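A.B. asks: Provided herewith is a single structure, encoded as structure tokens, for subsequent inquiry.
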Amino acid sequence: MRSSACSTIVKRMAGCQRACPVHVDVPRYIRAIASGDYAESLAVIRESIPFPSVCGYACFAPCESFCGRGQFDERLAIRALKRVAAERGGQSWRDGLRTEKPTGRKVAVVGAGPSGLTAAYFLALKGHDVTVFESRSEPGGMMRWAIPRYRLPRETLDDEIETIRSLGVKILTDVTIESVSDLRKGGFDAVYLACGAQKGSRAGVPGEEREGVMDALSFLERVSSGSPASVGRSVCVIGGGNAAIDAARSALRLGAEKVKIYYRRGEKEMPASPEEVEAAREEGVELNFLVAPGRIEKQDTKLKVVFDCMELGPPDSSGRARPVCKPGHESSETFDTVVVAVGQELAPGRIGVKLDERGFILAGEDLSTDEEGVFAGGDAVSGPSSIIEAIATGRRAASSMDAYLGGNGDVHFPLASPEQEEAPEPASASEAVRLMNLPAGSRTSGFEVVEQTLKDYVAREEARRCLSCDRREFEVLLDPEACKECGYCRAVCRMGVFEAGSEFNKKGYRPFKVVNPQNCVGCMKCFYTCPDFCIEVKGANSG
């Protein structure tokens, strides 16, 4: 290794914790599970989020994508372990919960979804008087209305909302807020707009307005409300996200015999969770790729969908390959129902704050809007996002609003006992857990929860596979003059340690660079695959 090598050593946050939008201390709560202390594990989780059970059931788990164990064999079932902690952790975490003394400041939260309720939770802990206004008949937002019961049981959601109410948060349902100025005139010192993106986007094809065509959000809400429309024997679902998968699997449970998903890109470009896609296939949903609806026609009592054949072109603004129509390659099929799941929009209204060019609320880094004392977050700002991302913005909003109201903006409330700093225990060499689901043949007869909770001994053994990456340090060195931009280092590293450089070295190459050394788990794959011996990994505290 030459003396010109660039070196970085960092005391780090584990990759899984860094990937979580809320930065839940994943290694710490997993260590507690490994020792059988579910109460401590839940306390760690609840320091960051008020919905541990909901996330244990329905989070898309970005943490798992950066699990260090995945560099060696298979990543941990982090989400499933969170569910175990939530279900077995009991109520002792409440013993450490301390609400600050009342501030006399009143806060209005518009929208009782994950972002709004999270903000309400932390603002109440800071001593503020919080009222949540919800336009629907029950709180929960997309957690209640868009996630089917087979993924998230409603009693679980209700229990966690009740915990928020127990802090003194008032939740008023069937109330529509037309303007933030009305709230300010009503005596509220600050307002948080977390009204979500509750309108399903249209596909923009002729015939979409026909009877029997509906957007996925409307369809899923009717399913969740217990009064779904008849879908007939055959259902077409257009889209490739989780809403499309949920709609297709729900249609099967409503009695459809043939359910087909059509997506304009390929399978690897699908934004839907791979686990959900596989579950849909197991249940009998047929997935069709590189096809998009061209028009929808009426044919007797059915709907005829004419599809265009697509091919993938250059990447678009999302970084995915752009689908391009191949003229002259049409196909068609008839269905009883068509469900369009291509996105969400902010519902129209006279909220009274500035919107961006997409039609969503314009908010700054601190989530403040152009109106004094009015903040906004969640899907109403970002567009459609996940539960954990909405929770993250709700917590960030609580911090900003507390500071605005004269507080210190600190929304961290310690609930777990201090953890001793020590070298990590050797990780278990056991194989990864296999999540247990209801048999595919029996799932579609109803909305019973599909994924089963891990048994105690299984959960503890899975937790022992954790490498405790937060307790390991590695020094990653890359020689920029020797690097010939082969890219093998980035190809074998799932942890995002390396990135392509933009400047040329003396030999005319654009060398890769070390951008996230704190994510290194010491697997040495980059070292062994580098043909020019450009990389060195030093274990400073490998355990």
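A.B. asks: Students often check this: by mean Cβ neighbours within 10 Å, which of 433-444, 310-321 ranks highest, and how do the rest follow?
C.D. replies: Top to bottom by mean Cβ count within 10 Å: 433-444, 310-321.
A.B. asks: Turning to a different aspect of this structure: Protein chains only, probe 1.4 Å: how do Thr118, Thr156 rank by accessible area, largest first?
C.D. replies: Thr156, Thr118
A.B. asks: Then there is this: What list of ³J(HN,Hα) couplings, whole Hz, do you get for segment 336-343 from phi and the Karplus terms 6.51, -1.76, 1.60, once you set θ to phi - 60° and write x for glycine and proline?
C.D. replies: 7, 9, 10, 10, 9, 10, 10, x
A.B. asks: Another one. Along the positive direction of the dipole of segment 221-359 (beta-carbon charges: Lys, Arg +1; Asp, Glu -1; about the Cα centre), which of Ala272, Ile238, Ile261 reaches farthest?
C.D. replies: Ile238
A.B. asks: Then there's this: Hey, rough spin-label estimate for Arg210 and Glu275, points 7 angstrom out along Cα→Cβ, what's it come to in nanometres?
C.D. replies: Distance between the two pseudo-spin positions: 3.8 nm.
A.B. asks: Segment 151-177 to segment 247-312: how many Å between their Cα centroids?
C.D. replies: Each part reduced to its Cα centre gives a spacing of 34 Å.
A.B. asks: Can you give the FRET efficiency for Gln299 and Glu267, using 1/(1 + (r/R0)^6), R0 = 35 Å, r = Cβ-Cβ distance, to the nearest 0.05?
C.D. replies: 0.75
A.B. asks: From a point 7 Å beyond the Cα of Lys354 in the direction of its Cβ, which residues of segment 370-392 have a backbone N at a distance under 19 Å?
C.D. replies: The answer is 370-378, 380-383.
A.B. asks: Roughly how many Å² is the accessible area per residue of segment 95-225, as a whole number, for a 1.4 Å probe?
C.D. replies: Normalised by residue count, the accessible surface of segment 95-225 is 39 Å².
A.B. asks: Moving on to the next point. Too long at a 24 Å Cα-Cα cut-off: which of Lys126/Lys170; Lys82/Lys268; Lys484/Lys538; Lys82/Lys525; Lys260/Lys326; Lys101/Lys170?
C.D. replies: Pairs exceeding the cut-off: Lys82/Lys268; Lys82/Lys525.
A.B. asks: Quote the accessible area belonging to Arg490 in square angstrom, nearest 10, computed with a 1.4 Å probe and with ligands, DNA and RNA left uncounted.
C.D. replies: We get 120 Å² for Arg490.
A.B. asks: Now for a separate question. Contour minus end-to-end for Val306 and Asp73, with contour as 0.36 nm per residue of separation and end-to-end as the Cα-Cα distance?
C.D. replies: Using 0.36 nm per residue and subtracting the Cα-Cα distance, I get 79.5 nm.
A.B. asks: Would you mind working out the accessible area per residue for segment 255-316, using a 1.4 Å probe, and quoting it in Å²?
C.D. replies: Per-residue value: 49 Å².
A.B. asks: Still on this structure, please answer the following. At 1.4 Å probe radius, can you tell me the per residue accessible area of segment 354-430 in Å²?
C.D. replies: 49
A.B. asks: Would you please calculate the Kirkwood hydrodynamic radius of the chain over all C-alpha pairs and express it in Å, rounded to one decimal?
C.D. replies: 25.3
A.B. asks: Taking only complete DSSP H runs, can you tell me which helices of the chain stretch 24 Å or more along their own long axis by Cα positions and average at least -1.0 on the Kyte-Doolittle scale?
C.D. replies: Result, helices passing both filters: 387-404.
A.B. asks: How much length is gained on full extension from Ser181 to Glu257, taking 0.36 nm per residue of separation minus their Cα-Cα distance?
C.D. replies: So the extension gain works out to 22.3 nm.
A.B. asks: With the crude spin-label approximation of a point 7 Å out along Cα→Cβ, what separation in nm comes out for Asp410 versus Ser92?
C.D. replies: 2.6
A.B. asks: How much of the accessible area of the chain, probe 1.4 Å, is carbon plus sulfur, in whole percent?
C.D. replies: Its accessible area is 48 percent carbon and sulfur atoms.
A.B. asks: I need the calculated FRET efficiency for the pair Asn437 and Arg222, taking r as the beta carbon distance and R₀ as 25 Å, to the nearest 0.05.
C.D. replies: 0.45
A.B. asks: I've got another one for you. In debye to the nearest 20, how big a dipole does segment 10-53 give about its Cα centre with +1 on each Lys and Arg Cβ and -1 on each Asp and Glu Cβ?
C.D. replies: That gives a dipole near 260 debye.
The values are calculated or read from the model by the stated rules, or taken from the named source; none is laboratory data. It should be emphasised that the depicted structure is a prediction, and the values quoted were computed from it without experimental measurement. Positions of Cβ are generated from backbone atoms using ideal geometry, with glycine treated the same way; all protein chains shown enter the neighbour counts. For accessibility, only protein heavy atoms count, side chains too; no ligands or nucleic acids. Shrake-Rupley method; radii C 1.70, N 1.55, O 1.52, S 1.80 Å.
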